[in-house]
Amino acid sequence: MNAPITERTMRTGRCEMAWLEAGAGWPVILLHAFPLSADMWRPQLEAVPDGWRFIAPHFRGFGGTRALAPGGGGLDDYAADIGDFMDSLTLEDAVIAGLSMGGYVAFAMYRQAPARFNGLVLANTRPQADTPAGREGRRAMRDLVAREGTAPVAAQMLPKLLSARARSEDPEVAEYVRRVIEGADPAGVGAAIAAMMERPDSTPDLPRIACATLVVAGELDEITPVADAQAMQTAIPRSTLTILAGAGHLSNLERPAPFNRALGDFLLARL
Ligand code: MLT
């Protein structure tokens, strides 16, 4: 049976925070990809395992979360928002799970407060900073979203976010992702682009990650390929790697059942 998902809001020190939540028990914070929202975690929220509380915040500028004041810039703001949100929920620590941009934010959170990590899940993400060519692409996308809004961003990103398999065999998922992106606030998308292009290289941090870590890769992921996930996993001491067959970049949406199994097994081992 699908667990009920509640949509909640709260004013924290830094944000008007909006999030989705399901289940009760040990907390897991689910950090979403770009340019989506916490809604992308619905297949995981619906399947929350007994004894766990899944909490999926929208980042600032996405899905109803608004920063109360401009930050210093960069993904450190996004990470500090989540730390502050955890304070407001009186959560000292949690398993932190990030997919793609969510993983970039998790790296920034780890630098800010490693003791808050009861475990780490890095799905379809990478530690490296953007390359010069990548930054050029970000600038072009930032200009595009400022000029024309989120629809052309959705058109440009969909073929990279979802595998060709999912786009042809699973039109409902493709339509869902398009709707979530098109519904995003162009200002929030632009700010996230600016933050991601400034992010530092997290590779030197990997050997210092002390908590148990699950790395998830999608066999067909073109943005963060399996080989990169393997290299990242090798550098993190207490880590394991799960490769999801037939999954592209948004592996949790393309292959929810095996994603949920991998996450559930990892969480079970934390109890
Ligand atoms: C994401 O899925 O969050 C993005 O593809 C990350 C990125 O653009 O680097």
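Here are some notes:
- Using a probe of 1.4 angstrom and keeping all protein chains present, the accessible surface of the stretch 1-111 works out to 35 square angstrom per residue.
- Percent of Cα-Cα distances greater than 22 Å, calculated over the stretch 128-271: 50
- In the chain, the portion of solvent-accessible area held by carbon and sulfur atoms comes to 53 percent [1.4 Å probe, whole percent, DNA, RNA and ligands not counted].
- For the chain, taking the reciprocal of the average inverse distance between every pair of different Cα atoms yields a Kirkwood hydrodynamic radius of 18.3 Å.
- Where labels lie 7 Å past Cα in the beta-carbon direction, separation of Gln230 and Thr9 in nm: 4.7
- Subtracting the Cα-Cα distance of Glu182 and Asp143 from their residue separation scaled by 0.36 nm leaves 12.4 nm.
- Highest-MSF residue in the chain out of Ala174, Ala146, Ala94 [GNM, Cα springs under 10 Å]: Ala146
- Residues considered: Trp19, Trp41, Trp52. Largest GNM mean-square fluctuation over the chain, using C-alpha springs under 10 Å, is found at Trp52.
- For the stretch 1-158, diffusion coefficient by Stokes-Einstein and Kirkwood Rh (Cα), 25 °C, 0.890 mPa s, µm²/s: 151
- Taking every protein chain into account, the accessible area of the stretch 112-269 amounts to 44 square angstrom per residue (probe 1.4 Å).
- Dividing the C-alpha radius of gyration of the stretch 1-63 by 2.2 N^0.38 Å, with N its residue count, gives 1.08.
The values are calculated or read from the model by the stated rules, or taken from the named source; none is laboratory data. Here the structure is a predicted model, which means the values were calculated and not measured. All Cβ positions, glycine included, derive from the backbone under ideal geometry; neighbour counts span all protein chains shown. Surface areas here come from the heavy atoms of the whole protein model, side chains and all, with no ligands, DNA or RNA. Shrake-Rupley method; radii C 1.70, N 1.55, O 1.52, S 1.80 Å.
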